[in-house]
C-alpha cells in the first residue's frame, strides 16, 4: 500500500501566504477527514458538520498568513471545534434544548466552578489550570480525558480505541471529572 504524499505544514502555510488556492486543497487532503470527524463528534447534523469544516477553510484562508501557526493541525482542529461548538450552542438556543443530548462539552462544564463561568476574562487562567491538570495525569488517563472532552468521542469509541471496557472508561471519566473539580477548586482558593 502506498502512503499518500502530503505537503509539510510549513509548505502549506507558505501556500496560504502566497495566496495560492492549492493551500486549501493541501489542507483538505491532509487534514480534511480529521476535521470532519471532529465536527461530526460535536454536531448531530452532517450538514452542520460539513459547514463547520468549510467555515474553517475560510477562516484558515483569511487568518493563516498573519497567524503563521506553529502547529497547523492544532490550529485547524481548534478552529473547527470552536465553529462546531458555536453552531451547537446556537442550535440549542433556537430549540431550547428540545431533546438534544448532553454534549461532552457540557459534561465538562459541570466540573468548572460557577465563578469561572461568570468571568469571561479568566479564560487564560482556566486554560493554564487545565494544562496543569492534564500534565499531572498518566498517559492513559490523559488519552481518555482528551478523547472525551476535546475530540468528543463517545465512551464506546474510547473503549474500542483503547481496548478497554465501556464500564472502565465511564469509571475513569467519572473519577477524572471529580479530580478536575478538586484541582480547579484548589487553584481557585
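Bear in mind that the values in this text are calculations on the coordinates, not laboratory data. The shown structure was predicted, so the numbers you read here are calculated from the model rather than taken from an experiment. Neighbour counts are summed over all protein chains in view; Cβ atoms, including those assigned to glycine, are modelled from backbone coordinates with ideal geometry.
A few remarks follow.
- With neighbour counts taken as other beta-carbon atoms within 10 Å, the residues 70, 91 rank, fewest first, as 70, 91.
- Between residue 185 and residue 137, the modelled label-to-label distance comes to 1.9 nm, taking each label 7 Å out from Cα in the direction of the beta carbon.
- Centre separation in Å (Cα based) which lies between segment 69-84 and segment 7-26: 15
- Computed lengthening from residue 171 to residue 67, 0.36 nm per intervening residue step minus Cα-Cα distance: 33.5 nm
- Point-to-point label distance, residue 5-residue 157, nm (Cα→Cβ direction, 7 Å offset): 3.2
- The peptide list 163-175, 55-67, 37-49, put in order of mean Cβ contacts within 10 Å with the highest first, becomes 37-49, 55-67, 163-175.
- Shape analysis of segment 1-86 places it in the oblate category; the axes a ≥ b ≥ c from the Cα gyration tensor give an a/c of at least 1.5, with a/b not above b/c.
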